[in-house]
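Remarks on the structure that follows.
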Amino acid sequence: MPRLIAPFSRPVTRAGSLSRGLRPSRTSIATVAVASAVAVLCGPTSMAEAAALPGRLESGRPSVLMINVDDLAATDIKHMPNVQRLLVRQGTTFTDAVAPTPLCVPARASLLTGKYAHNHRNWSISGANGGYKGFTGRRNTLPVWLDRAGYRTMFLGKYLNGYGKGRERTAAGEPGWDDWQATIDMSTYNLMSPKFNNNGTIQSPGLYSSVALQNRSVKMIKRAGTNAGGKKPWFLWVNYVAPHAGGPVEASDPRRRYPRQPSLWLENTRPMPADKGRFRHLELPKTPDMFYAGPGQVTAGRPYTASQKRVMRYVHQQRIEAAQSVDRAVARTVAHLKSSGQYRRTVIIFSGDHGYTTGQHNRLGKLWESSQASRIPLVMVGPGIPRNVKVGSTVGNPDIATTVAALGRARPGRAQDGVDITRVLASSVKAGKTLYRPIPVAAWPTEGGATTKYRGIRYGRYTYVTVSSTGTPVLYDRAVDPYETRNLARDPRYAKVVAQLRTIEAKYRSCSGSTCPKTYAATLATPSPSRS
C-alpha cells in the first residue's frame, strides 16, 4: 500500500463555522453531513438528501441560471469587476474546476449529459464524432430531465458547433426546451450582429452579441417568473460567445494590419465598440509558462517570433475587452433577479466551457493538458451557498449537469459520470481542507477522428497524461511547479508516483456511471516523491 500523504496545497476554504456569510434559507448547505475524515461519497443526490441542498426554500426547488462563457479562461475573471463583486464575493469559487476534454463541443456535450467525452462520444468540432450532427441522444439530456421534473426550461445563445446549417435552422428547438433562442450557423461568431432561431423564427436583432443575449435573458427570466404565479421553478442556460474569436474583421486586426504576413494572423476576437482600447496598456502575464518550451515540454508549440509575441499581446487585450460586455450583462441579469424578487430562490452557476492559452507553452487556444487550457472559471451563488469562499477540490464540467439535476430533483436518464458538487462544497468546507478525487482527461483532434491526442488523469497536485502519437508520458507536479514547466515523468524521484498514477488512469480510462470516480479523500493515494 502506498503511504498516504497530507495535502500539499494550503486549505483554500475558510476555517470555522459556515454560519458566517450564508444566504438565508430554511436549510443551509452546511447541514450536509460529511463522511469520515478519510473519504466522502459524492454521487448523484437521492430524494432523501435533497432537503440538505441549497435552494431548499418555502417554494421548493430553486430556479437555476447557468451562465456559460465561451473560451473564458479561469485567469480572465480577475478583469471582470461585476463578476468579482456580484458572484465571486457573494458565492463559492471552485479554484480547480476543469474541462476534462478542453474543446467547445465535448465540453458542452458534458454539460448536457453529465458524461465524460469518452462516453457521450462527441469528441470534436466536426466529423463523425463532432459538432451538432455528431451529438446523439438529444431526447435524453439535462433539459429533458428537468422538464419532466416540472421546470420551465430555456436556452439562449451558442449551442453545439454546426447548429443551424440544416433543417434545424428553422425548427422549433431541441428536445426538452420550452423556450429556444439559439444563435445559428457561423452568425454565432459575428459578434456585431448574430442571428437567432427564436422558437422556429429567424431573427437578426442587429446588436452586439453580449447585448442581445443580455436583453433576451432578462426577458426570458421575466416571463418565467410569471409562470404558475411565479411558483414554478425555471432553468435558463445562457451561452455568451465573447471572448471567443469572432468578427467582422476590423482595421486594427492582424489580417488587415499585416496583409502580406500570414504568420502574424493570430486568431482574435471583436470587442464591443465601447470597450475597444480600454485595455490597450494590458501586458501579457509574466508567468514562467509564457512562451516557454524548455526541456521536457513535449506538447509545447513552436517558438514565437518577437512580432508574433506583439500580436499575441493584442489578442490578449481584445479578449479581455470583449469579456467586459459579458461582465456588464451579468450585472444587469443579477439586478433583474433582485428587482423581480427572484434572486433569493435562484442558484447562479457561472462558468466557462474550457480554458484558453494566449502564449502559455507557446500555444494559442485550447485542447491541451495544461491548466491554462483546461481549467475553467466556476462560481456558484445562491441560497445556502457560502459567500466569498474558495474551494480547491477538483471538479469537472460533467459534474455541473449532475448538480443541476440534483438541485431540481430531476431523475437523469443516463447513469451520471459526474457528482453533485454541492456535496463536494459541503464536505470540503466541513473538513476545512482540500479533498481529492481523480478526474480522467482526454482530447481528440478538432476535426474528428477516433484516436486521442492524449489521455490521462488529473489528481490533486498532479497532471499525468500520455501523448498518444508517441507514447511519451508527461507528469506535472503543480505543488512545486504550478505553471507546469517541468515534465517529471522520467525523474527517478517520481517513479513510484508515476506508477500509481498510471494505475489510477487505467482504472478510470473507460469508466461510466458508477465506475467513474465518485469518492473524495482527505489524502492523495500516491506516495511522496523520493527525496534522494
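What to note about this one:
- Accessible carbon and sulfur surface of the stretch 147-235 relative to its total accessible area, %, 1.4 Å: 47 percent
- Rounded to the nearest Hz, the phi-derived 3J(HN,Hα) couplings of the stretch 248-259 under the Karplus curve 6.51 cos²θ - 1.76 cosθ + 1.60 (θ = phi - 60°) are x, 5, 10, 4, 7, 6, x, 5, 8, 6, 10, x, where x marks glycine and proline.
- Violating pairs (Cα-Cα greater than 21 angstrom) within the set Lys286/Lys433; Lys115/Lys165; Lys115/Lys507; Lys115/Lys231; Lys158/Lys453; Lys78/Lys338: Lys286/Lys433; Lys115/Lys165; Lys115/Lys231; Lys158/Lys453; Lys78/Lys338
- When you restrict to C-alpha pairs under 8 Å that are six or more residues apart and normalise by the size of the stretch 219-330, the relative contact order lands at 32 percent.
- Where Glu283, Glu174 fall by accessible area, highest first, once all protein chains stay in place (1.4 Å): Glu283, Glu174
- Kyte-Doolittle mean at least 0.0, axial Cα span of 18 Å or more - DSSP H helices of the chain: 495-508
- Rolling a 1.4 Å probe over the heavy atoms of the protein chains gives the chain an accessible area of 38 Å² per residue.
- Dipole in debye (nearest 20) - the stretch 205-281, about Cα centre, beta carbon charges: Lys, Arg +1; Asp, Glu -1: 260 debye
- Mean-position separation - Cα centroids, the stretch 250-323 and the stretch 493-518, in angstrom: 37 Å
- Aspartates and glutamates with Cα under 20 Å of Lys276, excluding same-chain neighbours fewer than 8 positions away: Asp70, Asp71, Asp76, Glu250, Asp253, Glu267, Glu321, Asp327
- Cα gyration tensor, the stretch 439-532 - rounded (a/c under 1.5), prolate or oblate: oblate
- Across the chain, the mean sequence separation of Cα contacts (distance under 8 Å, 6 or more residues apart), normalised by length, yields a relative contact order of 28 percent.
- Helical contribution to [θ] at 222 nm, DSSP H n ≥ 4, -39,500 (n - 2.57), averaged over the chain, rounded to 500: -6500 deg cm²/dmol
- Residues whose amide H falls under 5 Å from that of Leu524, counting only those 5 or more places apart or on a different chain, are Ile5, with hydrogens built in the peptide plane.
- Percent breakdown of C-alpha pair distances by 20 Å bin, ordered from the shortest bin, for the chain: 23, 59, 18, 0
- Cα lying deepest toward the dipole's positive end in the chain, options Gly382, Ser217, Gln318, charges on Cβ: Gly382
- Arg345 contributes about 70 Å² of solvent-accessible surface, heavy atoms of the protein only, 1.4 Å probe.
- Residue among Gln181, Tyr240, Gly230 farthest towards the positive dipole end of the stretch 172-283, charges placed on Cβ: Gly230
- Rounded percent of accessible protein surface that carbon and sulfur make up, the stretch 411-484, 1.4 Å probe: 50 percent
The values are calculated or read from the model by the stated rules, or taken from the named source; none is laboratory data. All values derive from a computational prediction rather than experimental measurement. Neighbour counts are summed over all protein chains in view; Cβ atoms, including those assigned to glycine, are modelled from backbone coordinates with ideal geometry. Keep in mind that these areas ignore ligands, DNA and RNA; they rest on the heavy atoms of the full protein, side chains included. Shrake-Rupley method; radii C 1.70, N 1.55, O 1.52, S 1.80 Å.
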